[in-house]
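Peer 1: Before we start, here is the structure in question, set down as structure tokens.
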Amino acid sequence: MVFTFLSFLRPAINVFLLPLYLLHLSPKDYGVLAMVGFGVGLMGAVLGLRIDTAVRNFYFDFNNDKSLWQYLSQMFTLLLLICLFSSLVLHFVGANLFQTIFSDVRIKFHPYGQIALSTLFLNLCSGLYFIYLKNKVHLKEFAAYSILNVILNIGFQVYFILILDMNILGVLYGNLVSAGIVFILVLLSNLRLLNFKIRWGEIKPSLVFSLPLIPFSFLFALDGQMDKWFLERYQTLEEVGIYAVLMVLVGLNKLLMNALDNGIRPFLFRGLKEGDLQRKQIVSLCFQFYLMVGLMALSFIIVIGLNFQWFSDNPKYLKIKEYILLASLVTIPVYLYRFTNLLLLYHKLSKELTLMTFYKTILLVILMLILIPTYGINGALVAFFVSAILNVLLFNYVLQKRKLDLLNYAPIFGRTLLFVILVGGLYSLCLYFGIKQFAVIQFVFVLLVFGILERKTITRFTRLTIK
């Protein structure tokens, strides 16, 4: 639970700073930041070689600390060298790539993309050491790095944006400086991470596993940001900015899922090594907790979205109120999709994962080409929902085909339906009676109902994580 909270902190910085962004960045500025993040995310998905995923999955194959550090140091050094070489190459070709990808000339690789890419590479390298800290349950050290990173990031962004009035560059430089300081501290305190005597035979299995994941990683990054790219192509940069802020709110849920993935993974992967009956019980328990937390978070996001005047009085940003309910509900299938993704990764089904994601991405492209030019943001949300449903079906098809019947689906669909009925029913009643406090009322009801319904789940999951 503590690791889950700490893993949530760093990615949530953009949420903490949202009021500052809304005050100093126009929707067009926010749109530029969103598209720079999209372009850099695609590059990072390929250039990182999914080394972090390989380390997570092969970590438990080592029986002693010496062999583990031998492996970890080689993977860290390899990733560092790849990042340095990629930065050099992209310094010369990055501008042309951005001109090819984006239609608006305000979306520049120099300096925006280059700064963002450097930040991404620093975080990737530091992240390998953080995987070690989490799996070794070195809570104090992991907490120190996490909290320091949050303080530095927020502090530098406030300084660059508020004091120096640097706007877009203030956001990017704040991220870069804080990531650089954390990377230097990690490296100086663990010089054994550098190991230039790379034994390819030792790391070959990891690369054989991770390299087929590169297309999946690219498609996953494309899948998660493609909506913004189509909006930039067929609508306006201002529309992209409004949609990007909407996705920051809904993205609170994604950040929570990332944190839950990181927090649950060690216990889930250990549980998957148990006998069939106990394994299924642990997997089902982890997902019930996963779903419960996610649905409660969605309920809270609805409260924020429908009361967005708390954060901005800019009428352009207040358009978010029109979309928040639909945006929240269409996110629900992502819970099952992400959790089954963890199961596929554990069983090292990287090729199947890539193939299924490819099918889903093809459908998403078709839907967005049809819907976004006409319906804009609503079209993007509907396309996302349909493709997420397809991904859930495909991933579960792979699990069933491999006879990995690990989930109890009845309570999953029951709880999802209950949430939709609660939110939809209360929304209809509040509209009928003219009650303006719908957002708060539904949040209270969701907390009460799921808090009572999931008492045993919370207790059992807590016992699992403190063993």
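Peer 1: For THR331, only one of the following conditions fails: (1) crowded, with 18+ Cβ neighbours inside 10 Å; (2) not in a loop (DSSP other than H, G, I, E, B). What is its number?
Peer 2: The number of the failed condition is (2).
Peer 1: Something else now. Answer yes or no as to whether GLY170 is crowded, with 21+ Cβ neighbours inside 10 Å and either within 21 Å of VAL32 (Cα to Cα) or in the same structural domain as LEU81 (by TED's automatic domain parsing) (or both).
Peer 2: Yes, satisfied.
Peer 1: When residues of segment 150-180 are filtered for being over 18 Å from PRO111 (Cα atoms) and small (Gly, Ala, Ser), how many remain?
Peer 2: Result for segment 150-180: 1.
Peer 1: Is it the case, given these coordinates, that THR340 is touching a residue at least 24 places away in the same chain (Cβ under 8 Å), assigned to a loop (DSSP other than H, G, I, E, B), under 30 Å from VAL303 (Cα atoms) and not charged (D, E, K, R)?
Peer 2: Criteria not met by THR340.
Peer 1: Sticking with this structure for a sec: I'd like the full set of residues that are part of a helix (DSSP H, G or I) and either touching a Cys at 6+ places or on another chain (Cβ under 6 Å) or among the acidic types (Asp, Glu) (or both), limited to segment 411-467.
Peer 2: The answer is PHE438, and nothing else.
Peer 1: Within segment 315-325, count every residue that is surrounded by 15 or more Cβ atoms within 10 Å (Cβ to Cβ) and either in a loop (DSSP other than H, G, I, E, B) or among the aliphatic types (A, V, I, L, M) (or both).
Peer 2: Here the count works out to 5.
Peer 1: Filter segment 116-144 down to the residues that are assigned to a helix (DSSP H, G or I) and not hydrophobic (A, V, I, L, M, F, W, C) and list them by number.
Peer 2: SER118, THR119, ASN123, SER126, GLY127, TYR129, TYR132, LYS134, ASN135, LYS140, GLU141
Peer 1: To continue, here is another question. From LEU176, LEU219, LEU249, which residue is outside the structural domain of PRO315 (by TED's automatic domain parsing) and crowded, with 20+ Cβ neighbours inside 10 Å?
Peer 2: That would be LEU176, the only listed residue that is outside the structural domain of PRO315 (by TED's automatic domain parsing) and crowded, with 20+ Cβ neighbours inside 10 Å.
Peer 1: Related question: What is the one condition in (1) under 25 Å from LEU188 (Cβ atoms); (2) modelled with pLDDT under 90; (3) of a type in the set (Gly, Ala, Ser) that ALA116 does not satisfy?
Peer 2: Failed condition: (2).
Peer 1: Quick one: is THR462 closer than 28 Å to CYS286 by Cα and in the same structural domain as THR236 (by TED's automatic domain parsing)?
Peer 2: For THR462, the condition - closer than 28 Å to CYS286 by Cα and in the same structural domain as THR236 (by TED's automatic domain parsing) - is met.
Peer 1: Among the residues of segment 201-208, are any of a type in the set (Val, Ile, Thr), at pLDDT below 95 and within 19 Å of the chain's Cα centre (by Cα)?
Peer 2: Looking through segment 201-208, none of the residues is of a type in the set (Val, Ile, Thr), at pLDDT below 95 and within 19 Å of the chain's Cα centre (by Cα).
Peer 1: Out of LEU399, LEU355, LEU371, LEU345, I need the residue that is at negative phi, modelled with pLDDT of 85 or more and in a helix (DSSP H, G or I). Which one?
Peer 2: That would be LEU371, the only listed residue that is at negative phi, modelled with pLDDT of 85 or more and in a helix (DSSP H, G or I).
Peer 1: Looking at LEU185, LEU162, which one is in a helix (DSSP H, G or I), assigned by TED's automatic domain parsing to the domain that holds LEU22 and modelled with pLDDT of 95 or more?
Peer 2: Only one candidate passes the filter, namely LEU185.
Peer 1: Right, another one. Which one of these does ARG10 not meet: (1) under 17 Å from the mean Cα position of the chain (by Cα); (2) at pLDDT below 90; (3) more than 19 Å from LEU252 (Cβ to Cβ)?
Peer 2: ARG10 satisfies all of (1) under 17 Å from the mean Cα position of the chain (by Cα); (2) at pLDDT below 90; (3) more than 19 Å from LEU252 (Cβ to Cβ) except (3).
Peer 1: Where residues in segment 189-241 are part of a helix (DSSP H, G or I) and of a type in the set (Val, Ile, Thr), which of them is farthest from GLY39 (Cα to Cα)?
Peer 2: Among those residues, the one meeting the criterion is ILE203.
The values are calculated or read from the model by the stated rules, or taken from the named source; none is laboratory data. Since the structure is predicted, the reported quantities are computational estimates derived from the model, not experimental observations. When we count neighbours, we look across all protein chains shown, and the Cβ atoms used for this are built from the backbone with ideal geometry, even at glycine.
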